[in-house]
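J.: Got a structure here, written out as structure tokens. Questions coming.
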Amino acid sequence: MKNKHSIPSILTIAAIAVLSSCASMPKKAKPVADFQVKRYLGTWYEIARFDFRFEKNLDNTTAQYSLKENGTVKVLNSGYNYKTKKWKSATGTAKFRGDEHIAALKVSFFGPFYAGYNVIAINSNYQYALVAGKSLDYLWILSREKSIPDEVKNNYLKIARDLGYDTTRLIWVKQDQKNPNLSE
């Protein structure tokens, strides 16, 4: 029996499925409204994260965001690999998935492949942020400083738990070195 689907149409469907997955976020999560990207630019220290292969064995991790001329956001992630004793960095691009005042973005470090980046909580001074990825397997707590007040930390942990995150999986990132990749 002949397959009525051609290879190109199956590949098209697969490509659409992969690319549309970057627009996802955990079911209950809502990106911040009235988001101001220019206030978000600059350096953020990673306070806590769920471990995944791209940040494996890294501490002193930071993210630097700057606006490109074309309106996209340049992302420079870096950290210190405490096993190899070397600094590691990766440069990517973030784009809004829709309205630029809604903190639902997609980020890519590998060409056309994007992943969800959703700011789901941020304080009014843009000093602390809670960021969700495309699923309950990706979560970050960020700060403009190398530490975060307990009140903010506890609030962000509660928000994450209420969304379904297992916050016992968080890795609390050591911030005890000066990152040579920072342009401050």
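J.: Under a crude label model (7 Å from the Cα following the beta-carbon direction), how far is S89 from T72 in nanometres?
T.: 1.9
J.: First select every other residue whose beta carbon is under 12 angstrom from the beta carbon of D34; then total the charges, Lys and Arg +1, Asp and Glu -1.
T.: -1
J.: Treating only the Cβ of Lys, Arg, Asp and Glu as charged (+1, +1, -1, -1), what charge dipole size does region 7-172 show about its Cα centre? Round to the nearest 20 debye.
T.: Approximately 360 debye in magnitude.
J.: In addition: Report Rg(Cα)/(2.2 N^0.38 Å) for region 55-120, keeping two decimals.
T.: Rounded to two decimals, the normalised Rg is 1.23.
J.: Taking the Cα atoms of the chain alone, what are Rg (to one decimal) and Dmax (as a whole number) in Å?
T.: Just the Cα atoms of the chain yield Rg and Dmax of 17.6, 65 Å.
J.: Let me ask something additional. So, counting K/R as plus one and D/E as minus one, what does the shell of residues with Cβ under 12 Å around Y80 add up to?
T.: Local net charge: +2.
J.: When only alpha-carbon atoms count, how far does region 36-86 stretch along each of its three principal axes, as whole angstroms with the largest first?
T.: Here the Cα extents, ordered largest to smallest, are 37, 19, 16 Å.
Bear in mind that the values in this text are calculations on the coordinates, not laboratory data. Just so it is clear, the model here is predicted, and its values are computed rather than measured. Note that each Cβ is placed from the backbone with ideal geometry, even for glycine, and that neighbours are counted across all protein chains shown.
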